[in-house]
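Read through the structure below, which is laid out as structure tokens, and then see the notes.
All of the numbers you see were taken from the coordinates with simple rules; none came from a lab. Quantities reported herein were computed from a predicted structural model and do not represent experimental measurements. Cβ coordinates were reconstructed from backbone atoms using ideal geometry, including for glycine residues, and neighbour counts include every protein chain displayed.
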Amino acid sequence: MKKLLAILLAFVLLLGCAWAEEEDEENYETGDAAMDLVRNEDGIGEKELLVVSFGTSFNDSRRLTIGGIEAAIDEAVEEFAVRRAFTAQIIIDHVERRDGIHIDNVEEALDRAVKNGVKILVVQPTHLMHGFEYDELLEGLAGYADAFEQIVVSEPLLTTDEDFDRVADIMIDIIKDYDDGKTAIVYMGHGTEHEYNKIYAKMQDVLAAKGAVNYYIGTVEAEPSVDTVLEAIANKGYTRVVLRDMMVVCGDHANNDMAGDEEDSWKSIFAAAGYEVECVLEGLGQVPAIQQIYVEHALAAIAELEK
């Protein structure tokens, strides 16, 4: 009898775990994963340009943002086969479990390149900055230093003063229709404990220098926080807040931390403070002008091979 009860208890626990796992899955539609070009084919050739991203499980955003950057680079670098790798294993596993589609992590992509006889490897990260993800990418590539004849790593989006200037102009332009003097335009960045979290303050200064006085930047996980932004916009006569993410993809942070219905989302926080709130769900990576900056970074890295 005890053995039977133990078996029944184990069965109940197993059902509970399965139910909990199912509950953890998104209960919202993120788009058709089959429309995304995964870019993990063999037959690479001797020259590869590996586009490395953190990744997102939001299928439509992945196709429009990361996929858009990859496609723009692919069009510009005819001699190189463009391939994809993600650094977030949790996202890779989630997409594979949910959609049955596998995306290479960095090690898998590099092993694939070695197996395919790649001699010249250019790596283009889609990261916003030189943060922890970029540092970890460099560490991982160091283990493959002898596997290729040449390896060159390109720069993330915000590297030079020119990058900041161009991205600031783009950030102003893509949402300028909301800039009516009564609206605070708030960009939500991710934020990091890395020293390069300073890029957010720098971008705020660049925007201010351009006269974009109604534009504000906050971060989810660092400073400036949402409370800092609330203080910055207080008593300035704003009646509306427009939220847009300052991230390459429009993924979990944008859809939930920014635009979600929970009381701790930015949309709810600004609404509770008395503002009319509107959210623009579009990642920076799907903006053609942003894609062009990544293209130019990749071309500059290729030029380094010839020196």
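Restricting the GluC sites (Glu not before Pro) of region 76-134 to loop positions (DSSP other than H, G, I, E, B) with no more than 12 neighbouring Cβ atoms within 10 Å leaves Glu78, Glu79. The trypsin sites (Lys or Arg not before Pro) found in region 132-207 that occupy coil by DSSP, while having at most 13 further C-beta atoms within 10 Å, are Lys182. Working note: Debye formula, equal point scatterers on the alpha-carbon atoms of region 175-281, no solvent; log10 I(q)/I(0) at q = 0.20, 0.21, 0.24 Å⁻¹ is -1.05, -1.16, -1.50. Here the dipole of region 175-281 is about 600 debye; that uses its Cα centre as origin and unit charges on the Cβ of Lys and Arg (positive) and Asp and Glu (negative). Assuming charge only on the beta carbon of Lys and Arg (+1) and of Asp and Glu (-1), the dipole of region 188-228 about its Cα centre is about 280 debye to the nearest 20. Cross-linked pairs Lys115/Lys198; Lys47/Lys202; Lys198/Lys307; Lys210/Lys236; Lys47/Lys176; Lys202/Lys307: Cα-Cα separations exceed 29 Å for Lys115/Lys198; Lys47/Lys202; Lys198/Lys307; Lys47/Lys176; Lys202/Lys307.
What is the dipole size for the chain, taken about its Cα centre, with +1 at each Lys and Arg Cβ and -1 at each Asp and Glu Cβ, in debye to the nearest 20?
Values: 24 positive and 62 negative charges, 48 e Å.
Using only the charged Cβ atoms, the result is roughly 240 debye.
First select every other residue whose beta carbon is under 10 angstrom from the beta carbon of His297; then total the charges, Lys and Arg +1, Asp and Glu -1. Residues near His297 contribute -3 overall.
Remark: Asp104, Asp163 ranked as Asp163, Asp104, counting other beta-carbon atoms within 10 Å and listing the fewest first.
Distant-in-sequence amide contacts of Thr219, defined by a placed amide H-H separation under 5 Å and a gap of 5 or more residues or a different chain, comprise Gly189, Ser225, Val226.
Build a GNM of the chain with springs between Cα atoms under 10 Å apart, and of Gly55, Gly131, Gly211 the one that fluctuates most is Gly211. Within region 63-138, the trypsin sites (Lys or Arg not before Pro) that combine a DSSP coil assignment with at most 16 other C-beta atoms in a 10 angstrom radius are Lys119.
Here the gap between Glu221 and Ala271, fully extended at 0.36 nm per residue and compared with their Cα-Cα distance, gives a gain of 16.0 nm.
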